[in-house]
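Since the structure comes first, as structure tokens, the remarks are kept for the end.
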Amino acid sequence: MKILTCVWRKWSLASIICLLTIPVVSQVDYSQVPNPSNCYFFDNVMIHEAPGKTAYLGDLTIRNGLIEQISRNHKAPFDAIKVKADSMHMYAGFIDVLSHAGVKKVEKKESIKVKFPGMPPDEVAGITPYKLASDHYDGSSTGLEALRAAGFTTSQISMDNGMMPGKTAIINTSGNQNPLIADHLNLFSQFKGAGQYYPSTIIAVIAKWKDLYNQSKNQQSYAATYQKNANGMERPDPSKSMEALYDVVNKKSTVFFKANKKLNVYRAVELRNDLNLNMVLTSVPYVGDITDYLAKERVSIALNISTPDTSKVKVDSTRLAEDKEYAGMLKRQQTYLAAHQQNAADLEKANIKFAFSSADAELAKMQDHILSMIKHGLSPEAAHKALTTYPAEMLGVNQLVGTLEKGKLAQIVITDKAYFKEKAKIRMVFTGQELFEMAGETVKSKAATVDIAGTWSYSVDTPDGEQKGLFKIAETAKGSYTIVLVPDDSPEDPETINEVKPNGNKVDFSFVMSEEGFTVPIDVSTTFEEKSFSGSLQFGDFGSFPIKGSLLKKPE
Amino acid sequence: MKNLLFIIASCLSIVAHAQMVEKAQKGPFLLTNATIHTITNGLVEGDVLIEGDRIKQIGKNLSSDQATIIDCTGKHIYPGMIDGGTKLGLSEISAVSLTNDYNELGDFTPHMEALTAVNPNSVNIPVTRTNGVTTVLTKPSGGLFPGRAALIDLFGYTPQSMYAGFKGQILQYPSTGRRGRWDRRKDDEIKKDAEKAQKKLNDFWNKCKTYAAIDSASAANGGSIEQYNPQLQAMTNVLRNEEKLMIRVNKKEDILSAIKFINEQSIDAVLVGVVEGWRVADSLVKYNIPVITGPILALPSRDSDRYDAAYTNAGKLHKAGVLVAIQTNENENVRNLPFNAAFAANYGMGVDAAMEAITINAAKIFGLEDELGSIEEGKRANLFVSDGDPFETKTQISHLFIAGFKIPMENRHTLLNDEFLERFPSNH
Amino acid sequence: MKYLIISIFMSVWFNAAIAQKDILIKNGTLLTITDGVKEQTDILLSNGKIKSIGKDLAAPNAKIIDAEGMFVMPGIIDAHSHIAIDAVNEATNPVTAEVFVGDAIDPYDIAIYRALAGGVTISHAMHGSANAIGGQCETLKHRWGESNPKAFVMEDAPRTIKFALGENPMRVHGEGKDIAPRTRMGIEQEFRRSFEGAKRYKQAWASYHSGKTKKPPTYSLRMQTLADILDGKIIIHCHSYRADEILMLMNVLSDFGVNKIVFQHVNEGFKIAPELAEFGAHASVFSDWWAYKFEVYYSTAYNAAILSKNGVITSINSDDAGLIRHLYHEAAKTQRYGRLSDNEALKLITINPAIQLGIDDRVGSLETNKEADIAIFKNHPLSVYAIPQMTIVDGVIRFDINEDMDDMRMEINPEMMLPAFYEQNEGHEDKCMQGVHTDHHHNHHHSHSHHQH
């Protein structure tokens, strides 16, 4: 009867669960002090309800984890905890399409003896679609903390072992005992072999997928026939794995497939097409050059958040001057760097919807990555969508999360500045009925100790030789200078940089150059001595070049 | 009459059978009417007289009473080709580990003598020499100092009779590159490993220096060093500049580092491999360091390199003014030395320079320019006769002489061809 | 500073678009393979096909290539390679017919471009030789510059599969994992049990489809693939060396009514050339590789010549990213070792491998209506002084010696400045056993001289 039970169950439980924790006091623990209320009130915050909507200063009330009221002005309920967030920016909490945070590592089953490495049990082969991430949930994991610190309030989590680790769970990132938003819905898969056991290589993973799919499909239809009339029929005998894949075969369940290199994007899409699967690709890297293909194939994409780390590229300027091969390679690399940085922008331009997945990404610098994408052409609105409404749709939880709306789950992120415009700090995250406040430190600037006024010569060591010119620096207010940069090659076209404030003897300033339709931000960072200075000039993302100079004359 | 014929026929067949194993013949030999590619003195139309193990005479219309005359009309005579680096004789079947004798355990085994382990009867040897390669350097490999390489002629019944007059210590210089595509070490791990290896090298080298100094002092005092150590003892010749150090090094940065090492230690060295030599040719010229490069028929070492980077390296080095010899680094296919040289020739080196690289240049590097590497009177009679340019793939080599012996032109490959080209159809 | 901005933005990706334009190659010496040598003759390529061959052809809109003094031959075909794929050996099981290297094509492998620079337009990307029945292989067209792996697949080329005999499967499974086969006897039984199983699998499905049984058999891509072999839908390419094992496989195949077989490497093929010819088996061999393992100790570089002269359709292959660049030179070695004629030698790398891959009606010779895969050489391709000048695939120039810009990589890591330097391995890398047991490579003292092909 076991089989029949299984067939009847058919994962009909696989539906959206909205479990809100109701405080049940069964035992007293005096080391913890509970919150005096389950109602929170945010007064006078800059509310960004949804991407594309104009932000406004308003108030928001949360009760029992739901948004109770959101408006330009309303009264704080008498029982509310008033949260200090005056003039801060409030967004719907970010949604992460795939992460391995909050999931206990599955221990290797040493106990399982494998006689034939070519025929291991499913568990050893990394085929456990019947396993649930929710069963392996670990709220204390630091991964969840990192997600919250990056502004993620919702994440789809999955195990990470083997080609088919199991079903995902969509959770809030609170670390609560019961964080489930949805369960049983989706399957996570990847081109990951089982080492010395079958399937060991990507080609066997793909073959195994086809086997499992077809076996599951056949079993399911046979079981259905059997159920109608079992007379004279052998009993169906699906394996646990086959059974767990019924919903995938029926396209009720989406496969979230890790495609962390361009080739794996093609390969996963090929598999999707072969087996007619519902599929979302996660950890997607640079694909900006194949948007035609992605559009034609209607590929659902969760990009890896990380953008290229330009600090890893160290340009050796002496070598650059002497070594043509090196210079050529640098040039090609920079072309690629530029392309990679425009990845998200290219997708937007091609009208391809995308979200983000945090697995494999550098979360600590999340906003830097987002701002880099915006700097390289992604619209702030698209970036906002990619972190909220699109992933909510992709995960099928857009009725619950993704925007700030009355009745939706109170999954909120609060920043000190406009997140999609300028460098901002995440100050608070509200998720799973809990408010998490982030430490916000302030940086004090030292008073100027060096007077930099005067006329200075400068020279920048670039791939195309030295660029020379003059800095004409005048003090306009106490400790504040205006620098006029006059290049030797185009003295008719000076750049003026206002309000440069030295910090000790460090002088940093930025400006934007426009030429032939291109704009390049330039960041100069120098240390001034009495009669000379030296430092570096960051030329957009193309590299950093040494700059130095000396005092020509002091002001009269 | 019929019976008699039958008997004679059977006798003949017995004789023929007895001669199945062809042996080398001793001279003198007079090779007549050939185009002689002397290498050092241009082209000569004429004869070559071989007596004993020497080239006795070169000229027109030579005569000799005892000499077997070999008519070489329309044919070409070249000096035997010299491969600057192989494992020949030290390995029979590379996948069968117990047939491999080039790789002793340990990083510091300079006291290992390649010549000791040369198998004169390796089937690889006849296969090699019948393509005109008469002489090869056979060398140990493995650790930092894997042992002493030896130059051998490819004919002889004992290693000693094959020995061709040069030995050199091998140093496999620490590499900062990846060992191959399978090398998954992170960049900083590679750096660390290389630094570790460099430190090992320096520590060992310092011990060698101290040892050599004590050894010299002991000898001056009429005694011998008390703390005898075979590893350190084996290096004393190199430290006294009495023996060449053959430094295998490939990557640009490593080559520069090796050059610095050579200059700092003022040793007599030759660089081997030198895949990225073309990037630092000026340094090699400046310090007058010769190079044994190859294999030429190799892949470029970086994905960004031009597809013919390995083909063109030798030519670029030669044009810059480096003394270049060529190695195949092979064992069973050392026979492809002429083709390696041909690709170098074709990709920038020129035919003459490439031929010099595998003859007189190799001889010069081994200090044997008066003995090998050209067709000159008084030199060892290592030479071959071909029906054309020996670089050209279809050219056939008809005669081969090593140390004055006329060597049979057969080997396993020709013998199997003779046996199986026309076989009974089936089941016999 | 102005100049800096412009120069940095000026760098344009070379492969942005390759226009498909007619090409007229003028006045070359055409080595047609199937129709002799034609001096001073033109060849017109249009829509990816050879449109016409003749003297003084005119094509007003075509790109003209002056091949005066050059040799024009069909693109070289390598019947055995492992370039352009990410996975070679699924070495976990002695039978893995279901895996398919075409699922792991790597279009960015620089080896493809380097093969083009050696005149090679098609390579047969093969599974390795760890298993008695390895995976299915893919016939690739070297359309370098394309991003999608699928663009490299030669459309509608027959399916092929890798088998392997002898030391490699014996070592991997018998010695390495302590499971059968450990002997050549055991290897025979792998084939027999696999084919017997496939027969029953076919029967079981037939029985299900006819309604005789109600429950469907358990689906198995492996058994289905084996059944396809029995049905003659897949050409077997079998890694083999020794005469006895080759005869064994021919016996097994006879018993199961299979006849499409190309023996790969087949170093002892020369010993049984008449038997191979009688069976109709083909041979794809190295020009001169031998002695790297015991089963190739009794080899001869005359192998290709002996096989050809005994009527066996023979090709010369590379199995190696290095060798694939000079297959023209490898073919020429049959002139040193066996004195084959020019055309006999050239067939070994053109029409014969095409026959072995089942694509000889489309490529492998210069004939009108064949696909426009062309290699142009300075000096005769069989001369050691040959230099490939231009390689054309389906009418598109994919290699041009005058347009080569040294660094031809497709994908560049934006975070890594200098590409890695790889030390050269002595001898040749172990391609057929790629990915099997790489642990020994980490041993510093290992010399990498093994040729486990």
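The values are calculated or read from the model by the stated rules, or taken from the named source; none is laboratory data. As the structure is a prediction and not an experimental result, all values here were calculated from the model. All Cβ positions, even for glycine, are placed from backbone atoms using ideal geometry, and neighbour counts span all protein chains on display. These area figures cover heavy atoms from the full protein model, side chains too; ligands, DNA and RNA do not enter into them. Shrake-Rupley method; radii C 1.70, N 1.55, O 1.52, S 1.80 Å.
Brief remarks follow.
- Some residue of the stretch A:356-364 being aliphatic (A, V, I, L, M), surrounded by fewer than 21 Cβ atoms within 10 Å (Cβ to Cβ) and closer than 30 Å to residue C:406 by Cβ: no
- Pairs are defined by a Cβ separation below 9 Å, a sequence spacing of at least 6 or placement on different chains, a first member in the stretch A:192-204 that is more than 20 Å from residue A:283 (Cα to Cα), and a second member that is open to solvent by 20 Å² or more (accessible area, probe 1.4 Å) and hydroxyl-bearing (Ser, Thr, Tyr); the pairs so defined are A:194/A:200.
- Taking the stretch C:224-248 as the range and being in a helix (DSSP H, G or I) and open to solvent by 40 Å² or more (accessible area, probe 1.4 Å) as the test, the residues that pass are C:224, C:244, C:247.
- Residue within the stretch A:210-228 that is within 27 Å of the chain's Cα centre (by Cα) and open to solvent by 10 Å² or more (accessible area, probe 1.4 Å) present: no
- Hits in the stretch C:271-305 (condition: part of a helix (DSSP H, G or I), buried (at least 24 other Cβ atoms within 10 Å of the Cβ) and within 8 Å of chain B (Cβ to nearest Cβ)): C:273, C:305
- Odd one out for residue B:181 among (1) free of Cβ contacts under 8 Å to residues at least 24 places away in the same chain; (2) part of a helix (DSSP H, G or I); (3) open to solvent by 40 Å² or more (accessible area, probe 1.4 Å); (4) closer than 26 Å to residue B:313 by Cα: (2)
- Residue identified as outside any loop (DSSP other than H, G, I, E, B) and surrounded by 18 or more Cβ atoms within 10 Å (Cβ to Cβ) among C:208, C:201: C:201
- Test for residue B:63: is it modelled with pLDDT under 95 and more than 23 Å from residue B:25 (Cβ to Cβ): no
- Looking only at residues of the stretch C:362-376 that are among the acidic types (Asp, Glu) and more than 17 Å from the chain's Cα centre (by Cα), we find that the one that is least open to solvent (accessible area, probe 1.4 Å) is C:371.
- Meets criteria (within 10 Å of another protein chain (Cβ to nearest Cβ) and surrounded by 21 or more Cβ atoms within 10 Å (Cβ to Cβ)) for residue A:248: no
- Residue in the stretch B:141-159 that is in the same structural domain as residue B:106 (by TED's automatic domain parsing), assigned to a helix (DSSP H, G or I), at pLDDT below 95 and not hydrophobic (A, V, I, L, M, F, W, C) present: no
- Qualifying residue in the stretch A:309-316 (condition: more than 10 Å from chain C (Cβ to nearest Cβ) and either of a type in the set (A, V, I, L, M) or in contact (Cβ under 8 Å) with a residue 12 or more places away in the chain (or both)): no
- Condition check for residue A:407: open to solvent by less than 10 Å² (accessible area, probe 1.4 Å) and among the small types (Gly, Ala, Ser): no
- Test: residue in the stretch B:88-103 that is open to solvent by 10 Å² or more (accessible area, probe 1.4 Å) and touching a residue at least 60 places away in the same chain (Cβ under 8 Å): no
- Some residue of the stretch A:332-343 being assigned to a helix (DSSP H, G or I), aliphatic (A, V, I, L, M), farther than 30 Å from residue A:255 by Cα and at the interface with chain C (Cβ under 10 Å from one of its Cβ atoms): yes
- Residues of the stretch B:276-314 satisfying the condition of being open to solvent by 20 Å² or more (accessible area, probe 1.4 Å), within 13 Å of chain C (Cβ to nearest Cβ) and in a loop (DSSP other than H, G, I, E, B): B:295, B:297, B:299, B:302, B:303, B:306
- Single unsatisfied condition, residue A:371 versus (1) among the hydrophobic types (A, V, I, L, M, F, W, C); (2) within 16 Å of the chain's Cα centre (by Cα); (3) not assigned by TED's automatic domain parsing to the domain that holds residue A:150: (3)
- Filtered residue count, the stretch B:351-370, keeping only those that are among the acidic types (Asp, Glu) and surrounded by 19 or more Cβ atoms within 10 Å (Cβ to Cβ): 1
- Residue check, residue B:328 out of contact with any His (no Cβ under 8 Å at 6 or more places or on another chain), modelled with pLDDT of 95 or more and crowded, with 22+ Cβ neighbours inside 10 Å: yes
- All positions within the stretch C:221-246 that are under 17 Å from residue C:187 (Cβ atoms) and within 21 Å of the chain's Cα centre (by Cα): C:229, C:236, C:237, C:238, C:239, C:240, C:241, C:246
- Residue C:319, sole failed condition from (1) buried (at least 24 other Cβ atoms within 10 Å of the Cβ); (2) in a loop (DSSP other than H, G, I, E, B); (3) facing chain B (nearest Cβ under 9 Å): (3)
- Failed item, numbered, when residue C:170 is tested on (1) of a type outside the set (Val, Ile, Thr); (2) surrounded by fewer than 19 Cβ atoms within 10 Å (Cβ to Cβ); (3) within 21 Å of residue C:90 (Cα to Cα): (2)
- Out of A:146, A:76, A:85, sole residue that is assigned by TED's automatic domain parsing to the domain that holds residue A:370 and in contact (Cβ under 8 Å) with a residue 24 or more places away in the chain: A:146
- Applying the condition of being in a loop (DSSP other than H, G, I, E, B) and among the acidic types (Asp, Glu) to the stretch C:68-126 and asking which residue is farthest from the other protein chains (Cβ to nearest Cβ) yields C:68.
- Within the option set B:416, B:372, B:400, being within 16 Å of residue B:155 (Cβ to Cβ) and not in a loop (DSSP other than H, G, I, E, B) holds for one residue only, B:400.
- Taking each residue of the stretch A:49-73 that is farther than 18 Å from residue A:83 by Cα and among the polar types (S, T, N, Q) and looking for partners that are part of a strand (DSSP E or B) and open to solvent by 20 Å² or more (accessible area, probe 1.4 Å) with beta-carbon atoms closer than 9 Å, six or more apart or interchain, yields A:54/A:48.
- Search result, residues across the stretch A:69-95 that are open to solvent by 70 Å² or more (accessible area, probe 1.4 Å) and either more than 18 Å from residue A:36 (Cα to Cα) or in a strand (DSSP E or B) (or both): A:69, A:72, A:73, A:75, A:82, A:86
- Index of the failed condition, residue C:92 passing every other in (1) without any contact (Cβ under 8 Å) to a residue 40 or more places away in the chain; (2) closer than 20 Å to residue C:156 by Cβ; (3) hydroxyl-bearing (Ser, Thr, Tyr): (2)
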